[in-house]
Amino acid sequence: MGPMVGEESVQEGAAPEATWAGAGRARIELRDVHKSFGPKHVLRGLDLTVRDGDSLVILGGSGTGKSVLVQHLIGLMRPDRGSVLVDGEDLAALSSAELTTLRQRFGMSFQEGALFDSLTVFDNVGFLLERLGTMTRAEIRDRVFECLELVRLEGTAQRLPSELSGGMRRRVGFARAIAHKPEILLFDEPNTGLDPVTSAVIDELIIRMREKLHSTTVTITHDLRSAFTIATRLVLLHQGQIAAEGTPEEMQASEDGRVQQFLSGEAHGPLTDDEEAEREARRE
Ligand SMILES: Nc1ncnc2c1ncn2[C@@H]1O[C@H](COP(=O)(O)OP(=O)(O)O)[C@@H](O)[C@H]1O
Ligand SMILES: [Mg+2]
């Protein structure tokens, strides 16, 4: 947040400022990250800092590299060039055992939930807790039910994923992502395909995670209503770089034509013109 934003304006409804100890320090830093798949240059010198207590929302058209970006944050993908630092540690310098330990600071919920079909809801949510081996059975049980209650699915513990609706499965995925009390949560399109009510439940959970547990969250979403509900900061990914960033208020007031086009959902404008120009250039 810039130096122009004083105490009063924050109280008058600007993005909520993080106030707990350590808030605002860099948790994740991407520096000049490049990633290509064959001839496709997806990330092109991307710089991004995720700060403690942020609820960062990543916006961008489909296929712009949002999921690729998120996978770089936890070392599931490695940059061709540039670096990714988590709490100041360069992921490229870590052994795979160290990377596994570091990933325990994260909780992730991906598009289709990726639940284990043969495990009950209870075992899906408790899976990582079992594997970590640091909790007793009774503690795991309490924690699993606490998480299921958060997503309003207490009654489904003994069911299999196949017996649940898509929205319920997504909520199970969410419960599983938060079970080990991660400090940083990554959500890749948590609302896609959900009905408006379930979608609002997920938004509420993301906000609650940040406010009550002081989690740092990074969310990819196409749903602008949801984006502006949960974000303290938004970035627009375009042509492999962060084209614009700001608080919800700053983004809404932005005079950047790309931001305006994205927020208004116009078919024509600088976002699509750039792409056409690029296709044009490739043809030559
Ligand atoms: N593992 C992969 N192998 C090859 N191409 C990939 C891989 N992952 C992503 N891509 C390509 O990178 C581009 C960005 O993908 P993605 O990050 O999934 O976009 P989105 O912004 O919709 O999440 C797409 O063109 C996609 O086809
Ligand atoms: Mg994606």
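A few remarks follow.
- The set of residues in region 81-123 that are acidic (Asp, Glu) and either closer than 20 Å to ARG176 by Cα or in a loop (DSSP other than H, G, I, E, B) (or both) comprises ASP87, GLU112, ASP117, ASP123.
- Scanning region 208-229 for residues that are modelled with pLDDT of 90 or more, part of a helix (DSSP H, G or I) and in contact with a helix residue (DSSP H, G or I) (Cβ under 7 Å, 6 or more places away or on another chain) yields LEU224, SER226, PHE228, THR229.
- Of all residues in region 226-284, those being out of contact with any strand residue (DSSP E or B) (no Cβ under 8 Å at 6 or more places or on another chain), among the acidic types (Asp, Glu) and crowded, with 17+ Cβ neighbours inside 10 Å number 1.
- Selection count where residues are hydrophobic (A, V, I, L, M, F, W, C) and modelled with pLDDT of 95 or more, scope region 97-124: 3
- Yes/no for VAL218 being within 23 Å of PHE110 (Cα to Cα) and surrounded by 15 or more Cβ atoms within 10 Å (Cβ to Cβ): yes
For every residue, the table says whether it meets (1) part of a helix (DSSP H, G or I); (2) within 16 Å of ligand 2 (Cβ to nearest atom); (3) of a type in the set (Val, Ile, Thr).
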| site | (1), (2), (3) |
| --- | --- |
| VAL125 | yes, no, yes |
| THR134 | no, no, yes |
| ALA138 | yes, no, no |
| ARG143 | yes, no, no |
| LEU148 | yes, no, no |
| VAL172 | yes, no, yes |
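- All of (1) over 25 Å from GLN252 (Cα atoms); (2) in a helix (DSSP H, G or I); (3) within 14 Å of ligand 1 (Cβ to nearest atom) hold for MET77 with one exception: (2).
The values are calculated or read from the model by the stated rules, or taken from the named source; none is laboratory data. This structure is a prediction, so every number in the text was calculated from the model and none was measured. Methodologically, a virtual Cβ is constructed for each residue, glycine included, from the backbone with ideal geometry; neighbour enumeration extends over all protein chains shown.
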